[in-house]
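The next block holds one structure in the form of structure tokens; read it before the comments.
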Amino acid sequence: MLESGVAQILDGKAVAASVRGKLKATVDDVVSRGLRRPGLAVILVGDNPASQIYVRNKIEACRKTGIESHCQKFPVDVSQRLVLESIRQLNKDTTIDGILVQLPLPEHLAADAILAELAPDKDVDGLHPLNMGLLLMGRLALRPCTPQGIMVLLEYYGIGLAGKRAVVIGRSNLVGKPIALMLMEKNATVTVCHSKSAGLEELARSADVLVVAVGRQSLVRGSWVKPGAAVVDVGIHRLETTQGDVEIVGDVHFQEVAQVASYITPVPGGIGPMTVAMLLSNTVRAYQEHIMLR
Ligand code: NAD
């Protein structure tokens, strides 16, 4: 690791653009040979403004990469039966390679049952129990996009993990648990912290690589970070400024931590775009398997 000072930015926006460029070349090549384009279906329930923005970004990223995508929108009070039925249809549709259920779902819907209904080979968010199980076993599978994006970004900047101490704050199925497994797979010594962890600040300070996925604005301060550490901020918070603008910040106090760490992901422009790039990557991967099989 570098000496402490002003941290190098881990530029997720730029790395995601490079990933997208390679995916587009792959898609263009296959399409030039007369095959269909990859297809992604997004299921969006309700009118959560953040979810609508995320889905719009994903659809736009698909368009730029040459992936056909469409969004199936349901009203907030849709029944579980209708959502499951739509997933079953998409599972059978041979033009669809990936199905993404935009989370969070309204409370009356059982997210676990809905995710379990996805065909595992179309589960481009990597959240089906089979894919989660394969990840646990260290086997190749469609893996959750956000932690996969973190790993690709760390690798791109040559941040070594073997023998390093990694601390993950947050233990969600979406981020905390899978990133802990992926860091372990790369031979880091991993500690997972959560809302009931005692001595959180001290644990964080022991990290060579600190991943923060909590959902609390600016939780991690400069004093929580070991000089020279790499800090990955997964949090996304949309704040309305007094001028009525929207400011996006993370779980890490960027200005303070950038003075202590060697590497830091910005918010926005860090893990967000990497997550979208990994969704495209998983979709192209599922597509390649499907066109080989059909
Ligand atoms: P979650 O609410 O499912 O999990 C949060 C975790 O943080 C829990 O495990 C909880 O135990 C832990 N936690 C809560 N308060 C804590 C505290 N005070 N100290 C220590 N641990 C605490 O959230 P999630 O889905 O993992 O998302 C976390 C954040 O990341 C959110 O801000 C979310 O918007 C963001 N997110 C961003 C992306 C992206 O693409 N950048 C993707 C997924 C989630």
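The values are calculated or read from the model by the stated rules, or taken from the named source; none is laboratory data. Note that the coordinates shown come from a computational prediction; the quantities given were computed from them, not determined experimentally. When we count neighbours, we look across all protein chains shown, and the Cβ atoms used for this are built from the backbone with ideal geometry, even at glycine. Keep in mind that these areas ignore ligands, DNA and RNA; they rest on the heavy atoms of the full protein, side chains included. Shrake-Rupley method; radii C 1.70, N 1.55, O 1.52, S 1.80 Å.
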> How about the range 167-184: which of its residues are in contact with a helix residue (DSSP H, G or I) (Cβ under 9 Å, 6 or more places away or on another chain) and over 15 Å from Gly235 (Cβ atoms)?
Replying inline: Val167, Asn173, Lys177, Pro178, Ala180, Leu181, Met182, Leu183
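Specify which of the listed residues (Gly270, Gly250, Gly228, Gly215) is at positive phi and within 22 Å of the chain's Cα centre (by Cα). Let's see the steps before the verdict.
Values: Gly270 fails: at positive phi; Gly250 fails: at positive phi; Gly228 fails: within 22 Å of the chain's Cα centre (by Cα).
On inspection, the qualifying residue turns out to be Gly215.
Residues that are on the phi < 0 side of the Ramachandran plot, over 19 Å from the mean Cα position of the chain (by Cα) and acidic (Asp, Glu), at least 1 per element: which helices (runs of 4 or more DSSP H) completely within the range 1-109 meet that? Before the answer, list the steps.
Numbers: elements: 12-32, 49-65, 80-92.
So the answer is 12-32, 80-92.
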> Residue check: is Leu136 more than 10 Å from the ligand (Cβ to nearest atom), modelled with pLDDT of 95 or more and surrounded by fewer than 17 Cβ atoms within 10 Å (Cβ to Cβ)?
Replying inline: yes
> How about the range 182-219: which of its residues are open to solvent by 30 Å² or more (accessible area, probe 1.4 Å) and in contact with an Asp or Glu (Cβ under 8 Å, 6 or more places away or on another chain)?
Replying inline: Val214, Gly215, Arg216, Gln217, Ser218, Leu219
> All but one of (1) open to solvent by less than 10 Å² (accessible area, probe 1.4 Å); (2) farther than 24 Å from Lys24 by Cα; (3) among the small types (Gly, Ala, Ser) hold for Ala277; which doesn't?
Replying inline: (2)
> Within the range 267-290, which residues are within 14 Å of Pro144 (Cβ to Cβ) and within 13 Å of the ligand (Cβ to nearest atom)?
Replying inline: Ile271, Met274, Thr275, Val276, Ala277, Met278, Leu279
> Taking the range 175-211, which residues are out of contact with any Leu (no Cβ under 7 Å at 6 or more places or on another chain) and near the ligand (Cβ under 9 Å from one of its atoms)?
Replying inline: Val175, Gly176, Lys177, Val192, His194, Ser195, Lys196, Leu200
> From the residues in the range 238-256 that are within 20 Å of Pro273 (Cβ to Cβ), surrounded by 15 or more Cβ atoms within 10 Å (Cβ to Cβ) and not small (Gly, Ala, Ser), which one is nearest to the ligand (Cβ to nearest atom)?
Replying inline: Asp251
> Do we find that Val234 is within 10 Å of the ligand (Cβ to nearest atom), touching a residue at least 60 places away in the same chain (Cβ under 8 Å), under 23 Å from Val212 (Cα atoms) and surrounded by 21 or more Cβ atoms within 10 Å (Cβ to Cβ) in this structure?
Replying inline: yes
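Quick check on this structure: which one of Val30, Val19 is touching a residue at least 24 places away in the same chain (Cβ under 8 Å), within 15 Å of the ligand (Cβ to nearest atom), farther than 30 Å from Leu84 by Cβ and not assigned by TED's automatic domain parsing to the domain that holds Ile236? First the steps, then the outcome.
Numbers: Val30 fails: within 15 Å of the ligand (Cβ to nearest atom).
It is Val19.
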>> Checking the structure you have, find out if any residue of the range 145-166 is open to solvent by 30 Å² or more (accessible area, probe 1.4 Å), at negative phi, away from the ligand (no atom under 11 Å from the Cβ) and among the β-branched types (Val, Ile, Thr).
In response: yes
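Does Ser218 qualify as being within 12 Å of the ligand (Cβ to nearest atom), free of Cβ contacts under 8 Å to residues at least 40 places away in the same chain and in a loop (DSSP other than H, G, I, E, B)? Full working, then the answer.
Values: within 12 Å of the ligand (Cβ to nearest atom): yes; free of Cβ contacts under 8 Å to residues at least 40 places away in the same chain: yes; in a loop (DSSP other than H, G, I, E, B): yes.
The answer is yes for Ser218.
Filter the range 142-174 for residues that are more than 20 Å from Ile264 (Cβ to Cβ) and in a helix (DSSP H, G or I) and give the result.
Initial filter on the range 142-174 (more than 20 Å from Ile264 (Cβ to Cβ)): 142-145, 162-163, 171-174.
Within the range 142-174, Cys145 is the sole residue that qualifies.
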> Given Leu44, Leu35, which one is in contact with a helix residue (DSSP H, G or I) (Cβ under 7 Å, 6 or more places away or on another chain), touching a residue at least 12 places away in the same chain (Cβ under 8 Å) and exposed (fewer than 15 other Cβ atoms within 10 Å of the Cβ)?
Replying inline: Leu35
>> It is to be established whether one or more residues within the range 121-131 are assigned to a helix (DSSP H, G or I), open to solvent by 10 Å² or more (accessible area, probe 1.4 Å), within 16 Å of the ligand (Cβ to nearest atom) and over 21 Å from Gln288 (Cβ atoms).
In response: no
